[in-house]
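Undergrad: Got a structure for you, written out below as structure tokens; questions coming shortly.
Here, each number is a calculation from the coordinates, and none is a lab measurement. Given the structure is predicted, the values throughout are model-derived calculations rather than measurements. Heads up, the Cβs are rebuilt from the backbone with ideal geometry, glycines too, and the neighbour counts pull from every protein chain shown.
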Amino acid sequence: MAEGDDPVVSMNSLRAAQDASSLTAREVRKSFVSPSGSPVLALDGLSLSVRAGEMVALIGPSGCGKSTLLRLIAGLDTPTSGELLVGKERIAGPSATRGLMFQEPNLFPWLSVRRNIQTGLVARGVLRKHRHDVEEFMRLVGLEGFADVYPHQLSGGMAQRAALARALVNHPRVLLLDEPLGALDQFTRMRMQDEVLRIWETRRATMVLVTHDIDEAIYMSDRIAIMSPRPGRVERVIDVDLDRPRKRSSPRFLELRATILELLHFAGQVENGSQ
Amino acid sequence: MSTEIASPPAMATEDTNGKAAHRCEATAHGFAVVSLAPPLVAVIAMLVHKLVPNQQTFLRTHLYPGLLQILLGLGLLLVLLQWAWRPSRARIRYYSPLFAGVIAWLCIWDLITLKLAWMPLPYFPGPDMVLQGMWDDWPMLLDSIYRSLKLLLTGYFIGVACGLCFGVLIGWFRGARYWGLPIMKVIGPIPATALTPLALLMFAEAFNSGAAMIAFAVCFPVTMLTMSGIANVPVSYFDVARTLGARRLYLIFRVAIPAALPSIFIGLFMGLAVSFLTLIVAETLGVKNGLGWYLVWKKGYAEYDKVYGVLVIMAVFFSSIMTLLFKVRDWVLGWQKGMIRW
């Protein structure tokens, strides 16, 4: 297990938060060896920049390296070549300033909801100072009253809320969402989209959202980056020029939807929602 | 906002408890009479003991009838309790047939030995004789229990401590795995009892050599299961912890070990079972006291009543310790409830 060598408070200089939480990927390549032994090129010269406080959705066919890119930004993997920057700083390992939320809640089953959410504070040794944050985040995601419940007692949606609160507890400047709502039913998912948006609007974190759901991408993000099939590259970036709060049935919404569908056809594949 | 399809916590826990209670109730329902079985069987056993003539020549004591009287009293008490105190009802009715079965088993034992002499003395004494043997030797038995417990716990805890350390090291560090795993795989399967000569050589004191043998026996299963538990922790748990700012110590002690606990407990149970075996062998070979030594000693004098007596005590002794470990597991792994059945 490699250790994170990017200390949590390494960026304690009082630079403008704006600057410090933008994301830049320059010509990122990532190859790895598949279980059968052959080398696989997951990302090939991917470039993307995300402004501070912006929400960008990544969309593309299965296996195009969306999750790989998120893992690279999180610092869990290192790129084979190319450059990944947060603000002006190179990403050199995981950091509590960059939160990551997976499709599975991945809650620790041996900890109660409260203690799951506290994880980030305990790991950094600042629980005493920020204990009140835990209550605040539990309220924020609507889990008050469930503090002492164990994960196996939660529904899928509630577990994902707990995972969201856990990812938020360190006040990350960048929040990476890897299909966080993909495993939820349609209604729960739409409700959670509103909640993530509400949290994003109040916290103004930079967010990168990987999704299979074109509607979700249009509904939530400022810009949508469409990726090519493997090896992944950003094929096209679309501005979502819709006012918030957005209407899922507005003509412009449907127009954007048609454009993206077309683009994905153009890329040779239809996104069908499977992973 | 939180109108989601999930039962609130109180309901969730009540549901699991309720289900168990319901199962209990279902088997006992309509069997109010069942709680009368233990006292009834106790009376039968007393009559058998009193009325059927003895065929094994044997001095009659009051211990066995006394025991039956106690069991009768207990049975009657439970009948009253389940009648008067409703919450105890399901449980008492559930266990009544078992309790009656135990008394019936005593009665059958009494019949085929003392009464009908189907089994020859001195090898197969009746319950009365075994009770008498335990009664006569109680200071010695008490001392043996104390010494066995001391030896067992010393060896077990040393073994568990070593096993946990080795398991975590081998499970976590690549270098420790490279060197440690082959060593464990080659040396670990040696039965600890085969190391008796070596243990006796290395430790001047018999107690220490016994404890070392038990520790060795316990160490292997604990190491292997701790190691495999840690190696099988889902990588996603580490990924989550690392993005939350966790460093290596946190990953080992707050992620890997808790996640491996279910597996570690299997190792602890296997270690406990093998420690019982090793304890008895150690006591018969080197250590000149304890329950195992008492057993062999009494067998040497053909005092089989006392051999059975100490076997009864061993049964209670070992099963109590096992039960204690189960309780510890239930307490530590309470978070698993509902995920797996046990």
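Undergrad: For region B:35-153, just say rounded, prolate or oblate: build the C-alpha gyration tensor, square-root its eigenvalues into a ≥ b ≥ c, call rounded for a/c under 1.5, and beyond that prolate if a/b exceeds b/c, oblate if not.
TA: oblate
Undergrad: Now, a different point. Which is the longest part of chain B that has none of the trypsin sites (Lys or Arg not before Pro) sitting in a DSSP loop with at most 12 other Cβ atoms within 10 Å? Could the numbers behind the result be given before it?
TA: Details: sites that count: B:Lys288, B:Arg341.
Excluding the exposed sites themselves, the longest stretch runs over B:1-287.
Undergrad: Right, here's the next one. Under a 10 Å cutoff between Cα atoms, tell me which one of A:Arg51, A:Arg252, A:Arg29 has the largest fluctuation in the Gaussian network model of chain A.
TA: Residue with maximal mean-square fluctuation among A:Arg51, A:Arg252, A:Arg29: A:Arg252.
Undergrad: Rounded if a/c is under 1.5, else prolate if a/b is larger than b/c, else oblate: which is chain B, with a ≥ b ≥ c the root eigenvalues of its Cα gyration tensor?
TA: oblate
Undergrad: A further question on this structure: Pulled fully out, how much extra length does the chain show between B:Lys50 and B:Ser88, if you take 0.36 nm times their separation in residues and subtract their Cα-Cα distance?
TA: On the way: separation 38, 0.36 × 38 = 13.68 nm, distance 3.36 nm.
Contour length minus Cα-Cα distance gives 10.3 nm.
Undergrad: Among B:Leu181, B:Leu142, B:Leu80, whose mean-square fluctuation peaks in a Gaussian network model of chain B (Cα, cutoff 10 Å)?
TA: It is B:Leu80.
Undergrad: For the protein assembly as shown, what is the convex hull volume of the alpha-carbon atoms per residue, in Å³?
TA: On the way: hull volume 134.4 nm³, N = 617.
Taking the convex hull of the Cα positions in the protein assembly as shown, it is 218 Å³ per residue.
Undergrad: Give the calculated FRET efficiency between B:Leu149 and A:Ser47 to the nearest 0.05, with a Förster radius of 51 Å applied to their Cβ-Cβ distance. It would help to have the intermediate numbers written out before the result.
TA: Details: r = 70 Å, r/R0 = 1.37.
Computed FRET efficiency for B:Leu149 and A:Ser47: 0.15.
Undergrad: Turning to a different aspect of this structure: Among residues other than B:Leu268 whose Cβ falls under 15 Å from its Cβ, what is the net charge (Lys/Arg +1, Asp/Glu -1)?
TA: +1
Undergrad: Tell me which aspartates and glutamates have Cα within less than 17 Å of B:Lys50's Cα, excluding those fewer than 8 residues away on the same chain?
TA: Partners within reach: B:Asp110, B:Asp128.
Undergrad: Under a 10 Å cutoff between Cα atoms, tell me which one of A:Leu100, A:Leu264, A:Leu177 has the largest fluctuation in the Gaussian network model of chain A.
TA: The residue with the greatest mean-square fluctuation here is A:Leu264.
Undergrad: Filter chain B for me: DSSP H helices, axial length by Cα at least 18 angstrom, mean Kyte-Doolittle hydropathy not below -1.0. List them by residue number.
TA: B:9-28, B:37-51, B:63-84, B:89-110, B:138-172, B:174-187, B:206-231, B:257-285, B:304-332
Undergrad: Averaged over every viewing direction, what's the projected area of the C-alpha convex hull for region B:138-336? Give it in nm², one decimal, please. Could you put the intermediate results ahead of the total?
TA: Values: hull surface 51.0 nm².
Approximately 12.7 nm², given one-decimal rounding.
Undergrad: Let me ask another. Per 0.36 nm of contour for each residue apart, how much would the distance between B:Ala273 and B:Phe253 grow if the chain were fully extended, relative to their Cα-Cα spacing?
TA: Result: 4.5 nm gained on full extension.
Undergrad: Exceeding 24 Å between C-alpha atoms, which entries from my cross-link table qualify? They are B:Lys150/B:Lys185; B:Lys288/B:Lys327; B:Lys150/B:Lys298; A:Lys129/B:Lys337.
TA: Numbers: B:Lys150/B:Lys185 29 Å; B:Lys288/B:Lys327 32 Å; B:Lys150/B:Lys298 22 Å; A:Lys129/B:Lys337 33 Å.
Check vs 24 Å cut-off fails for B:Lys150/B:Lys185; B:Lys288/B:Lys327; A:Lys129/B:Lys337.
Undergrad: What share of all Cα pairs of chain A, in percent, falls into each consecutive 5 Å distance bin?
TA: Here the calculated profile for chain A is 1, 6, 12, 16, 18, 17, 14, 9, 5, 1, 0.
Undergrad: Another question about this same structure. Mind listing which GluC sites (Glu not before Pro) in region A:101-161 are in a DSSP loop and have 12 or fewer other Cβ atoms within 10 Å? Before the final figure, lay out each step's value.
TA: Values: sites: A:Glu135, A:Glu136, A:Glu144; in loops: A:Glu144.
Counting only loop positions with at most 12 other Cβ atoms within 10 Å, the GluC sites (Glu not before Pro) in region A:101-161 are A:Glu144.
Undergrad: Here's another thing I want to ask about it. Once both labels are modelled 7 Å past Cα along the beta-carbon direction, what's the B:Leu74-A:Glu83 spacing in nm?
TA: Once both label points are built, they end up 8.1 nm from each other.
Undergrad: Where does each of B:Trp331, A:Trp200 land when they are ranked from fewest to most other beta-carbon atoms within 10 angstrom?
TA: Starting with the residue having the fewest Cβ neighbours, the order is B:Trp331, A:Trp200.
Undergrad: Take A:Glu144 and A:Lys129, extend 7 Å from each Cα along the Cα→Cβ direction, and tell me the distance between the two endpoints in nm.
TA: Using points 7 Å along Cα→Cβ, the separation is 2.6 nm.
Undergrad: Using a cut-off of 13 Å between beta-carbons, work out the net charge of the residues near A:Glu27 (Lys and Arg +1, Asp and Glu -1, A:Glu27 not included).
TA: Summing Lys/Arg as +1 and Asp/Glu as -1 gives +2.
Undergrad: Here's something else I'd like to know. Calculate how many DSSP beta bridges within the protein assembly as shown are antiparallel, expressed in % of all such bridges and rounded to the nearest 5. Each step should come with its number before you reach the end.
TA: Working: 20 of 39 bridges.
The antiparallel fraction comes to roughly 50 percent.
Undergrad: Please give me the summed charge of the neighbours of B:Leu81: other residues whose Cβ is under 15 Å from its Cβ, Lys and Arg +1, Asp and Glu -1.
TA: Taking every other residue near B:Leu81 into account, the sum is +4.
Undergrad: Under 5 Å between amide hydrogens, which residues at least 5 positions from A:Met55 or on another chain qualify, with H placed 1.01 Å from N in the peptide plane?
TA: A:Met207, A:Asp222, A:Arg223
Undergrad: Further, regarding this structure: Provide the FRET efficiency to the nearest 0.05 for the B:Val312-B:Ala194 pair, computing r from the beta carbons and using R0 = 30 Å.
TA: Computed FRET efficiency for B:Val312 and B:Ala194: 0.55.
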